[in-house]
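Inspection log for the structure reproduced underneath, given as structure tokens.
The values are calculated or read from the model by the stated rules, or taken from the named source; none is laboratory data. Just so you know, these numbers come straight off a predicted model, no measurement behind them. Here Cβ is always computed from backbone atoms with ideal geometry, including for glycine, and neighbour counts include all displayed protein chains.
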Amino acid sequence: MRYSLRENTALESLRGVVLTIRAEQEAQRLDRVLAKRLGSRTTAQRLIEYGAVKVNGDKATKVSQRVKQGDIVTYRIPRPKHSTVRAEAIDLPVLFEDDDLAVINKPKGMVVHPAPGASHGTLVHALLHRYRAGLSSIGGNDRPGIVHRLDKDTSGAIVVARSDFAHRHLAAQIQAHTARRVYIALVHGRPPQKGRVEGPIGRHPVYRKEMAVVPFGKPAVTHFTVIEELGAYTLLRVQLETGRTHQIRVHMAYAGYPIVGDAVYGHRRPELFTDGQALHAWMLTFQHPRQNVRMTCVAPLPADFAAVLAQLRATGRENA
């Protein structure tokens, strides 16, 4: 008998899954091995921390545990608990939607999922209202449908999974860097026409809520190309080779060209933007999980971003 991937998820929650470690997986981390199956390293780590993973019959206690050829790894996806997140009637700019996924043009100022200090008004609250129960469950009770994130004050395209099948597929593309994310950023200064910023990113050693380029961080690479020079500012097209927390903001500040309006990593004074940074997730390209076609979704710039660019262009013409 054959089952759909959606049905397999239900079966996994009941009887568990058994994996035998192959020779090419020798010495790999347990969470990485499971992530290949689940499509999400975060989900794999949560299952290990929950106590739902065993290696050779013994409960796994560390996500960094190394596996050996022939090891028998079993895991069980727990049944989801009743979510405490309630739907809220918040309008969402939808770029694309079908039964498997949706691409949203997230407004600046909106948090993606509930967290301390953000108990309502998040993207998840809005998604629950628009799609009711039609969201993937892999992200957990507080993050249904969430495959990747954008900072609160970064606007633009974000893909949401409406089925577990789509979630696994999309997460695997992001992990393998086959999903392409292109940003538009307004920065201070005059960077070269093309550039590559490389530096490991981790928690700031003093300011623990911030990220920084630090020796013990995770490898991170950012590419940028100049679109337009606007006086003391430059408009850039930025592409991520990796996907670390606050990566573009940290890397551009590290390179000496901080994002305009970034009060954390940039100039800590009022600027052209009084509400959030001039960073927009402009284009998202990925393979549709079911239709197997390459999709590109473009999110129009927010009105305030476009207005600032118009103002800078007008000032440049006046000074020419």
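Here are a few things to note about the model shown:
- Number of positions in region 208-248 that are surrounded by fewer than 16 Cβ atoms within 10 Å (Cβ to Cβ) and touching a Pro at 6+ places or on another chain (Cβ under 8 Å): 6
- Applying a threshold of 7 Å to beta carbon distances and a minimum spacing of six or more residues, or different chains, the list of pairs starting in region 118-134 at a residue that is of a type in the set (D, E, K, R) and ending at one that is surrounded by 14 or more Cβ atoms within 10 Å (Cβ to Cβ) and outside any helix (DSSP H, G or I) reads Arg130/Leu92.
- The condition (being assigned to a loop (DSSP other than H, G, I, E, B), polar (S, T, N, Q) and either farther than 30 Å from Ala278 by Cβ or in contact (Cβ under 8 Å) with a residue 12 or more places away in the chain (or both)) is satisfied by just one residue among Thr74, Thr61: Thr61.
- Some residue of region 249-267 being closer than 26 Å to Val160 by Cα, surrounded by 16 or more Cβ atoms within 10 Å (Cβ to Cβ), at pLDDT 90 or above and in contact with a strand residue (DSSP E or B) (Cβ under 6 Å, 6 or more places away or on another chain): yes
- Checked against the criterion of being of a type in the set (Asp, Glu) and in contact with a helix residue (DSSP H, G or I) (Cβ under 9 Å, 6 or more places away or on another chain), the candidates Asp142, Asp98, Asp153 yield just one match: Asp142.
- Residue match in region 211-228 (condition: under 14 Å from Ile248 (Cα atoms), small (Gly, Ala, Ser) and either out of contact with any helix residue (DSSP H, G or I) (no Cβ under 6 Å at 6 or more places or on another chain) or touching a residue at least 60 places away in the same chain (Cβ under 8 Å) (or both)): yes
- Scanning region 14-70 for residues that are among the hydroxyl-bearing types (Ser, Thr, Tyr) and more than 24 Å from Phe165 (Cα to Cα) yields Thr61, Ser64.
- Considering region 26-60, and only residues there that are at pLDDT 85 or above and of a type in the set (Asp, Glu), the residue that is farthest from Val73 (Cα to Cα) turns out to be Glu26.
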